[in-house]
């Protein structure tokens, strides 16, 4: 046996949208994947690792999942990123794996012929072979392989069929001796390099490169027609497309389509409250017990207080909402994987155009319910500058998952245990209303902007309708775990830092009043007969702490919305990220008696006159403020990068802050 050698091969996955490229990436890498950014841009870069042993050698494959493209004639920003990775040497791609949809080879082969002509070591992954077989599509793989000049591997990425064969083919990958451009169009006396020629044309002015690409693609389509006629035998009527067409008669209907979309959204938000309620309660109870345990085993003092009322209280205020966030991502993944999300875009296109948008805006707007940052990046698929700018400007008005902890906490304060028709949860209905309010205001804002921003550029909406498929639970599971992990890690860093800072600011203060209250608390802390006095002293201590002084300083500004100085503190800290609001409130109220969750503490909170602080008016003012306020530094930074303009970033911040203030002010005074 010869010694095992470690060989590193960088592999790029290339293919059309809906060709199963992402499911292949998951099948190859599992959870051994990471998300980053391409150099100089904010488009997500997915890279994962896998291994294969061939003979006595072990190969480490680094898999890069490029954005989906139809051809190297890049029109959108996502396509430009994929093309740049293929045409430049910065990515150092060793082997290209072109993923083709076996049930629609005619559409998929264009990008395959272009990649082959770039003279990479290439492997063609003929994906969705199970669907092709169900539709009785027969493909002469050997003949196709001989003509393309590279190895063609039949696979089914959803069920991991042929994955090992594909890995082995990557090790054997070779450059093709075939070419698919019109060689007669170029001077035979001079050497012709397709990669340098297409690279020179790709990112230049459209007037200069359109003629080149039109002639090149016309020649390729003629070649592809010949290839599919020779090597593909398919029935005239395809089964899955026929079934999808029948379903679409109702799903994309001008009336039933909207009704089905509303029903889908209604059920999603019912599930988010019903199903997530139990694990959320368990997590909250576990953290409360952990607080008691930590307080009991550590000596009394600053470290004990910081861990219990700072770190643990702050983090628990976000971790307890992970079940709801995971469910939201689960439903989004299910809708995308099943093919329904594309239908939602289609039926919304006509409505969107009336407000200055188009159907391609729907995908970012719907995915904005998860997070505004990647959704703003997703607007790169919108080729029309005006429509893309409007979408970026209004997208943060869509309620994202970071607002979910705030909504859940406040809605639970207003509607505790209420239901309608005996089975439906009114909290789920109110949550759906919050998302619809955000969507309606988004459309109104887009309409106003469409009248302000002038452009002569025409827009069009072209979207491929994928066939309906049963979602692959493993792929959705990987996506949910990945998204929740990113949410916890990214939010956790901010929350941990802010919680410690808040603890210090709330546990220390200048002047004699703070020192006196602190001293009195220490004297009666262990007494069971002075609970009310202890509570009064703790409020006095908090009020005279550094954080209390800060809250009092901004209280005159927020008082017209019904907010007190404690809420003011949370408004400031949650500017880093909206979900910090709950952690901040947990940290602030963690200075009071332990034994109850944050919801109960807020429900029992009284003002100086003994009246409840969190009335229906205050709660609705809070809901509307967080529905519209741009309380997210990451979103602000992303808008600046995507628009390349501080003007639009500043206008967006001013607009959303003003809208949030006026909405909260109006709600408070109408409901008081």
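The values are calculated or read from the model by the stated rules, or taken from the named source; none is laboratory data. As the structure is a computational prediction, the values presented were derived from the model and not from experiment. Using ideal geometry, Cβ is built from the backbone for each residue, glycine included, and neighbour counts are taken over all protein chains shown.
A compact table of results
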{"read-out": "Set 598, 569: member being in contact with a helix residue (DSSP H, G or I) (Cβ under 6 Å, 6 or more places away or on another chain) and at pLDDT 80 or above", "value": "569"}
{"read-out": "Residue 649 being at pLDDT 85 or above and over 30 Å from residue 670 (Cα atoms)", "value": "yes"}
{"read-out": "Yes/no for residue 454 being in a helix (DSSP H, G or I) and modelled with pLDDT of 70 or more", "value": "no"}
{"read-out": "Options 326, 342, 300; residue that is touching a helix residue (DSSP H, G or I) at 6+ places or on another chain (Cβ under 9 Å) and more than 30 Å from residue 448 (Cβ to Cβ)", "value": "326"}
{"read-out": "Number of the condition not met by residue 274 [criteria: (1) touching a strand residue (DSSP E or B) at 6+ places or on another chain (Cβ under 7 Å); (2) closer than 26 Å to residue 496 by Cα]", "value": "(2)"}
{"read-out": "Any chance residue 180 is touching a helix residue (DSSP H, G or I) at 6+ places or on another chain (Cβ under 9 Å), assigned to a loop (DSSP other than H, G, I, E, B), over 30 Å from residue 471 (Cα atoms) and modelled with pLDDT under 85", "value": "no"}
{"read-out": "Residue check, residue 589 closer than 30 Å to residue 665 by Cβ, touching a helix residue (DSSP H, G or I) at 6+ places or on another chain (Cβ under 6 Å) and modelled with pLDDT of 80 or more", "value": "no"}
{"read-out": "Of all residues in the stretch 377-399 being modelled with pLDDT of 80 or more and assigned to a loop (DSSP other than H, G, I, E, B), the one that is farthest from residue 485 (Cα to Cα)", "value": "398"}
{"read-out": "Qualifying residue in the stretch 196-219 (condition: surrounded by 17 or more Cβ atoms within 10 Å (Cβ to Cβ), touching a strand residue (DSSP E or B) at 6+ places or on another chain (Cβ under 8 Å) and at pLDDT 80 or above)", "value": "no"}
{"read-out": "Given (1) crowded, with 20+ Cβ neighbours inside 10 Å; (2) within 30 Å of the chain's Cα centre (by Cα); (3) free of Cβ contacts under 8 Å to residues at least 40 places away in the same chain, index of the condition residue 159 fails", "value": "(1)"}
{"read-out": "Residue within the stretch 538-559 that is within 33 Å of the chain's Cα centre (by Cα) and modelled with pLDDT of 85 or more present", "value": "yes"}
{"read-out": "Any hit, the stretch 264-283, residues being part of a helix (DSSP H, G or I), closer than 20 Å to residue 344 by Cα and modelled with pLDDT of 80 or more", "value": "yes"}
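Table: residues versus (1) at pLDDT below 85; (2) crowded, with 18+ Cβ neighbours inside 10 Å; (3) touching a helix residue (DSSP H, G or I) at 6+ places or on another chain (Cβ under 7 Å); (4) not assigned by TED's automatic domain parsing to the domain that holds residue 14.
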position: 57; (1), (2), (3), (4): yes, no, no, no
position: 60; (1), (2), (3), (4): no, no, no, no
position: 78; (1), (2), (3), (4): yes, yes, yes, no
position: 84; (1), (2), (3), (4): yes, yes, no, no
position: 96; (1), (2), (3), (4): no, yes, yes, no
